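This report refers to the structure that appears directly beneath it.
The values are calculated or read from the model by the stated rules, or taken from the named source; none is laboratory data. None of these values were measured; they are calculated from a predicted model. In this analysis, Cβ positions are derived from the backbone assuming ideal geometry, glycine residues included, and neighbour counts consider all displayed protein chains. Only protein heavy atoms, including side chains, enter the accessible area calculation; ligands, DNA and RNA are left aside. Shrake-Rupley method; radii C 1.70, N 1.55, O 1.52, S 1.80 Å.
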Amino acid sequence: MDHNQSLTPTLEVSRRTVIETGTTALLLTALPRAALARDPSDAVGSLPSATVELSVNGRSHALTLDPRTTLLDALREHLALTGSKKGCDHGQCGACTVLIDGRRINACLTLAVMHDGQSITTIEGLANGETMHPLQAAFVAHDGFQCGYCTSGQICSAAGMLAEARNGMPSYVTDDLAHPATELTDAEIRERMSGNICRCAAYPNIVAAIKQASGTST
Ligand code: FES
Ligand code: FES
């Protein structure tokens, strides 16, 4: 008898059980406010759908989606807000950075249903009508991009970072933790923006743009 053949079904069932159990546990802890609903016509064992109210750039959107949907996919696939980019899809590049209640977050690493009712700002919501956000204007003025794929994440991240710095949050390179500098040096900007990768290596221009914008009311 083929030993592998006799073992395969048992291993498959076991692996699926582990995955389904883990997913269910994650959903139960991650859905404090989103409503779960199971369609009775669903096949036995299918996952429930979830409803969530996402407030994006000042507009409210009621969505019904697979509860495993990341915030990034909800923005891009459900709301057609494609300014937030998917670079790595696992938290390494920062191209997906958005602001939630003013704080930056990698949208690929968080589930949409975890942000019911919170205020989400994407790159599409930063400008004031036809007037660019100071960071957008500074990126243009300093050529802070080449291909542009990382740029929306860079700008959203910079907006959150400048707010952090203004609120006295120190970074890894801050000398005096008790009195973080209000003026951002190049080293401070580079460290605080280290979660945003630019494959075109436009870093000197990005730093210059952020430095200019840090002197404005962002
Ligand atoms: Fe989210 Fe890369 S796509 S960090
Ligand atoms: Fe191309 Fe940053 S401008 S990846």
With charges set only on the Cβ (+1 for Lys and Arg, -1 for Asp and Glu), what does the dipole of segment 96-218 come to about its Cα centre, in debye to the nearest 20?
200 debye
According to a simple spin-label model (label point 7 Å from Cα along Cα-to-Cβ), what is the distance in nm between ARG68 and CYS147?
2.8 nm
Loop-located chymotrypsin sites (Phe, Trp or Tyr not before Pro) in segment 144-211 whose Cβ has at most 15 other Cβ within 10 Å (DSSP)
TYR172
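Using heavy-atom solvent-accessible surface (probe 1.4 Å) with all chains present, what is the largest-first order of LEU135, LEU79?
LEU79, LEU135
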Let me know the charge dipole size of segment 152-218 about its Cα centre in debye, to the nearest 20, where only the beta-carbon of Lys, Arg (+1) and Asp, Glu (-1) is charged.
300 debye
Once phi for every residue in segment 146-152 is put through the Karplus expression 6.51 cos²θ - 1.76 cosθ + 1.60 (θ = phi - 60°), the whole-Hz ³J(HN,Hα) values, with Gly and Pro written as x, are 10, 6, x, 5, 8, 5, 5
Can you sort CYS147, CYS198 by 1.4 Å-probe accessible area, starting with the largest?
CYS147, CYS198
State the extension gain, in nm to one decimal, for the chain segment bounded by HIS61 and THR131, taking 0.36 nm per residue of separation less the distance between their alpha-carbons.
22.7 nm
Quick one: accessible surface of SER46, probe radius 1.4 Å, all protein chains present, in square angstrom to the nearest 10.
40 Å²
Ignoring ligands, DNA and RNA, how do GLU188, GLU124 rank by accessible area with a 1.4 Å probe, largest first?
GLU124, GLU188
Probe 1.4 Å, all chains present, heavy atoms only: HIS142 accessible area in Å², nearest 10, is 60 Å²
I want to check the label-to-label distance for TYR172 and HIS78. Put each point 7 Å from Cα in the C-beta direction and report it in nm to one decimal.
3.4 nm
In nm, the gap between the two label points placed 7 Å beyond Cα toward Cβ at LEU109 and ASP89 is 1.8 nm
